[in-house]
Number of protein chains: 2
Amino acid sequence: MRRLAMDRAKRLLFGSFLSSSQSSLTPGPASSCFPFSPFSSEAPMSLYKFPPVTVETINPKVKRCEYAVRGEIVSHAQRLQQELQTKPGSHPFDEILYCNIGNPQALGQQPITFFREVLALCDYPALLDRDETHALFSSDAIARAWEILDLIPDRATGAYSHSQGIKGLREAIAVGIAERDGFPANADDIFLTDGASPAVHMMMQLLIRSEKDGILCPIPQYPLYSASIALHGGCLVPYYLDEGKGWGLEIFELKQQLAVARTQSITVRALVVINPGNPTGQVLSEENQKEIVEFCRKEGLVLLADEISRSMGYGGDDLPLISFQSVSKGYYGECGKRGGYMEVTGLSSDVKEQIYKVASVNLCSNISGQILSSLVMNPPKVGDESYESYMAEKDEILSSLARRAKALEDAFNSLEGVTCNKAEGAMYLFPRLHLPQKAIKAAEAAKTAPDAYYARRLLDATGIVVVPGSGFGQVPGTWHIRSTILPPEDKIPAIISRLKAFHEAFMDEFRDQGVA
Amino acid sequence: MRRLAMDRAKRLLFGSFLSSSQSSLTPGPASSCFPFSPFSSEAPMSLYKFPPVTVETINPKVKRCEYAVRGEIVSHAQRLQQELQTKPGSHPFDEILYCNIGNPQALGQQPITFFREVLALCDYPALLDRDETHALFSSDAIARAWEILDLIPDRATGAYSHSQGIKGLREAIAVGIAERDGFPANADDIFLTDGASPAVHMMMQLLIRSEKDGILCPIPQYPLYSASIALHGGCLVPYYLDEGKGWGLEIFELKQQLAVARTQSITVRALVVINPGNPTGQVLSEENQKEIVEFCRKEGLVLLADEISRSMGYGGDDLPLISFQSVSKGYYGECGKRGGYMEVTGLSSDVKEQIYKVASVNLCSNISGQILSSLVMNPPKVGDESYESYMAEKDEILSSLARRAKALEDAFNSLEGVTCNKAEGAMYLFPRLHLPQKAIKAAEAAKTAPDAYYARRLLDATGIVVVPGSGFGQVPGTWHIRSTILPPEDKIPAIISRLKAFHEAFMDEFRDQGVA
């Protein structure tokens, strides 16, 4: 009887409700189940309030998931910001400076004009029929909007698209990839997504079957990967980047950690490579990229690469390579548009059909994000009306970012007990903190990690929000913070002087046994 | 030893790489793992091609997931469409008519002008400083764009927002909900999402711990729910809508199926209610809604409701009620914008913090979709410049939909052996097909469900794309198709005559033993 019940439960689970099985129609005696139910109709009112869901009864994978970039320190910063509004002067600073997240336009960076012109015209195509429009929009933005609308069936920017995204936009993106990498790309390999996050989730969901499936992930790493692995119930197999060598990726370390995982009977399915590094900011050399590809090919791993190219001489058939791209990254920093794509190569067509099916469940990604993804891969070209202003906007953003990165990097390196690598290609710095024993003990007393303790003290003293290294992972016993380089350039000097004053006071407090 | 390995694997899994555990740093002898690996460096090249991932080695939950709305029949339709372009006249029709998906703007419906005006201005705010703009945009669209930009920190429409969406937009939506339902709503309960799908996934992920957790789901149902339950490894507990009573929801049936599930030791966690029905199109009476809420309250179930209101006299504390809203539904049909939200009431703050954490992993939903969600909940009001044109556009869409629904409903009911309920509140019809035995045998011979066989024959003969009832679930032994009512009004007569001609020929073929 019990066995039969199990079988029927399984048949239900396996979707037989779509078949002609009668099992689910057979009613059980209505009374028979209540003894097993904590919520019988006789229970007192008070029981009804929250019992259906408590933190103890949710999916434990959700509980396990961590995401420091918007964690406790950010919630505390938001509280402080409200206090500054309600009680000005209630803190030793007059504004919160969010250096916790790569969100350039939240810190005053202006969008690239050409991109926004085209998006506006595609949102309201009636503009294209009006004379006044030519006074308001550049001629190449108008031409590009027409081109894009002609790629969309019925010019319907308000319609669901193909599950992978509008075919014509994917073709334009494939052309852009080929021009960037000098390596052909295929529109059918491209899946347009609402930013990179859903693409990463889709691949983790596809690859992870149980906690015995492992994903090799850099440490430190952007917590999207650890969060997604946790949500899908897999095993994060860490490999450590070498801080002493500018956060270099050593193949020896990959082999070692793969071996450790296999001795633990973990089936390692994929290798995650983040390039440029996040939070570490380094860029992998082409030589290093080739070694990584060779390692995956030899070990039979899927390569999940954040903005890596296939230009190092391997064809799609040599190994499964999934590369993620997002309009949130790069000089344009269009985080709020949630545009992005993944390029899926080296997987068999039947596996790609499974990815297509999962993409179809969500119907499609947002069309504005799809259009923007095609624009960033095909910006104005020499001769276009917008070309010079576009290049000027782009160069100003990039050169300002370089100046801010250098200033903050030098500032961190000038601090007692702090060492900071260069931000070669990303908008982040990840300085290491060599903290006095007394500070580490103070953190233990406060039941928090030493770098979290430092970050909290920094926030309370200066309004500067950074993320503790413990949120990204780090070699045990080392401590870091991640800071973006994104605050407006005119605020950098003030940030640096506040940072220096705080750090000196912090070190004095914990170095000098007299103070406490 | 094996046990130790397991423990270390578990520690890895449970995220100890973020702690100071040394285990993951201990290298295993590099050789020791290779005997267990199918991909040793000695394996022949040919082995490298696809072994890392095959359909047999992906997550079985992904394999199990089904999504008929974009299934085989749609892929076949896309092939036919390409053949029509490359070889005109190669088929007995000159265009494909997509009645498979609720995608109004793909079938010629125009967007609401006011909404698009505001979106364009928010995408390219520089327009707001130009005189020409007043000639191109309505004064209330310009005023609304200013209002919205002032709700966004730094007016940065290109920045990530709060993980739940821009606070000011959520407050505007809460006001709109309160006006609609006559029941207060709270901005902190609202999570803005990229359409309704991610919200449904978030809740299934939160509630489903194993295949022993069940979700009560209507049959027929929109396959997003069955797909999401399958992807998260839960058990779909079906309850059948009563076709004989206009697809009514009978509480008796809910109790019966809950009892059956409990006898199978399934822990039923939630009840899904789709209102207006999809694919069935019916609207639940307020009386019926009250019964449903009472049932959930008594049985301790979470109520997952597609556009249900809290206006039937229950406060947020009476039961956990999650309602989903999307800009894809409703007269405006802005499917491509991927805007939507869920309103989460009756859950404890610590459970809501878990939902916030999961939302944070994806950072935020797209800002244009967030803005549009606030617009559809707060359209132009009496006295606004756009009010009359807005009402005219809205009324024209709704009255045309009503005419098309009636025409198609009558057409289906005029067919031999076909019965069709009214589309009270949705853009779908779900006619029942009483097929001859010979047709059912022909379907069996073709290894397909009878309604899938009928839909395929209909497509091949007329270019009309409908979804077989088997994709939504139906009482075993009954057969249906789902058709939207969305084709342009001027095409409806042609569709009806093609449909009638096909159906007569189909019945003749399978009724008359002479023909075959």
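The values are calculated or read from the model by the stated rules, or taken from the named source; none is laboratory data. None of these values were measured; they are calculated from a predicted model. Note that we place each Cβ from the backbone using ideal geometry, even for glycine, and neighbour counts take in every protein chain shown. With ligands, DNA and RNA removed, areas are computed over all heavy atoms of the protein, side chains included. Shrake-Rupley method; radii C 1.70, N 1.55, O 1.52, S 1.80 Å.
Quick notes on this structure:
- If you filter the range A:152-171 down to residues that are closer than 18 Å to A:Gly340 by Cβ and open to solvent by 30 Å² or more (accessible area, probe 1.4 Å), you find that the one that is farthest from the other protein chains (Cβ to nearest Cβ) is A:Glu171.
Residue by residue, here is whether (1) over 21 Å from A:Arg70 (Cα atoms); (2) touching a residue at least 40 places away in the same chain (Cβ under 8 Å); (3) within 26 Å of the chain's Cα centre (by Cα); (4) in the same structural domain as A:Gln85 (by the TED database) holds:
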position	(1), (2), (3), (4)
A:Pro436	yes, yes, no, yes
A:Lys441	yes, no, no, yes
A:Ala452	no, yes, yes, yes
A:Arg457	no, yes, no, yes
A:Ala461	no, yes, no, yes
A:Val466	no, yes, yes, yes
A:Gly469	no, yes, yes, yes
A:Val475	yes, yes, yes, yes
A:Leu499	yes, yes, no, yes
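- Residue match in the range A:325-342 (condition: of a type in the set (Gly, Ala, Ser), more than 24 Å from B:Thr193 (Cβ to Cβ) and surrounded by 18 or more Cβ atoms within 10 Å (Cβ to Cβ)): no
- If you go through the range A:478-516 and keep only what is modelled with pLDDT of 95 or more, in contact with an Asp or Glu (Cβ under 9 Å, 6 or more places away or on another chain) and open to solvent by 50 Å² or more (accessible area, probe 1.4 Å), you end up with A:Trp479, A:Glu504.
- The range A:434-454, subset part of a helix (DSSP H, G or I) and hydroxyl-bearing (Ser, Thr, Tyr), residue nearest to A:Ile481 (Cα to Cα): A:Tyr454
- Residues in the range A:172-210 that are over 20 Å from A:Ile148 (Cα atoms), open to solvent by 30 Å² or more (accessible area, probe 1.4 Å) and more than 14 Å from chain B (Cβ to nearest Cβ): A:Arg180, A:Gly182, A:Phe183, A:Pro184.
- All positions within the range A:449-475 that are open to solvent by 20 Å² or more (accessible area, probe 1.4 Å) and within 14 Å of chain B (Cβ to nearest Cβ): A:Ala449, A:Ala452, A:Ser470, A:Val475
Conditions (1) farther than 30 Å from B:Ser226 by Cα; (2) in a strand (DSSP E or B); (3) not polar (S, T, N, Q), marked per residue:
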residue: B:Arg456; (1), (2), (3): no, no, yes
residue: B:Leu459; (1), (2), (3): no, no, yes
residue: B:Pro476; (1), (2), (3): no, no, yes
residue: B:Ser483; (1), (2), (3): no, yes, no
residue: B:Leu486; (1), (2), (3): no, no, yes
residue: B:Asp490; (1), (2), (3): yes, no, yes
residue: B:Ala494; (1), (2), (3): yes, no, yes
residue: B:Ser497; (1), (2), (3): yes, no, no
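- Filtered residue count, the range B:435-448, keeping only those that are open to solvent by less than 30 Å² (accessible area, probe 1.4 Å) and under 27 Å from B:Val237 (Cα atoms): 0
- Options A:Thr133, A:Thr86: the member that is more than 8 Å from chain B (Cβ to nearest Cβ) and farther than 30 Å from A:Phe430 by Cα: A:Thr86
- Residue check for B:Ala305: part of a strand (DSSP E or B), away from every other protein chain (no Cβ under 11 Å) and closer than 27 Å to B:Gly471 by Cβ: yes
- Lone unmet requirement of (1) under 26 Å from B:Ala120 (Cα atoms); (2) away from chain B (no Cβ under 14 Å) for A:Leu363: (2)
Okay, residues lined up against (1) outside the structural domain of B:Asn366 (by the TED database); (2) touching a residue at least 40 places away in the same chain (Cβ under 8 Å); (3) surrounded by 22 or more Cβ atoms within 10 Å (Cβ to Cβ); (4) among the aromatic types (Phe, Trp, Tyr):
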residue	(1), (2), (3), (4)
B:Gly71	yes, yes, no, no
B:Arg79	yes, no, no, no
B:Gly89	yes, no, no, no
B:Pro104	yes, yes, yes, no
B:Arg116	yes, no, yes, no
B:Leu119	yes, yes, yes, no
B:Pro125	yes, no, no, no
B:Arg130	yes, no, no, no
B:Ala143	yes, no, no, no
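Residue-by-condition table, conditions (1) touching a Gly at 6+ places or on another chain (Cβ under 6 Å); (2) within 30 Å of A:Asp306 (Cα to Cα); (3) among the small types (Gly, Ala, Ser):
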{"site": "A:Asp384", "(1), (2), (3)": "no, no, no"}
{"site": "A:Arg404", "(1), (2), (3)": "no, yes, no"}
{"site": "A:Asp410", "(1), (2), (3)": "no, yes, no"}
{"site": "A:Phe430", "(1), (2), (3)": "no, yes, no"}
{"site": "A:Lys441", "(1), (2), (3)": "no, no, no"}
{"site": "A:Asp451", "(1), (2), (3)": "yes, yes, no"}
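- Among (1) over 26 Å from B:Phe191 (Cα atoms); (2) more than 11 Å from chain A (Cβ to nearest Cβ) - the single one B:Leu149 does not satisfy: (1)
Here is a yes/no grid of residues against (1) assigned to a loop (DSSP other than H, G, I, E, B); (2) within 12 Å of chain A (Cβ to nearest Cβ):
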| residue | (1), (2) |
| --- | --- |
| B:Tyr331 | yes, no |
| B:Val344 | no, yes |
| B:Leu347 | yes, yes |
| B:Lys352 | no, yes |
| B:Tyr356 | no, yes |
| B:Ser368 | no, yes |
| B:Leu372 | no, yes |
| B:Pro380 | yes, no |
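- Flag for A:Glu388 being within 29 Å of B:Ser75 (Cβ to Cβ), open to solvent by 10 Å² or more (accessible area, probe 1.4 Å) and free of Cβ contacts under 8 Å to residues at least 12 places away in the same chain: no
- For the range A:416-434, filtering for residues that are free of Cβ contacts under 8 Å to residues at least 24 places away in the same chain, open to solvent by less than 40 Å² (accessible area, probe 1.4 Å) and hydroxyl-bearing (Ser, Thr, Tyr) leaves 0.
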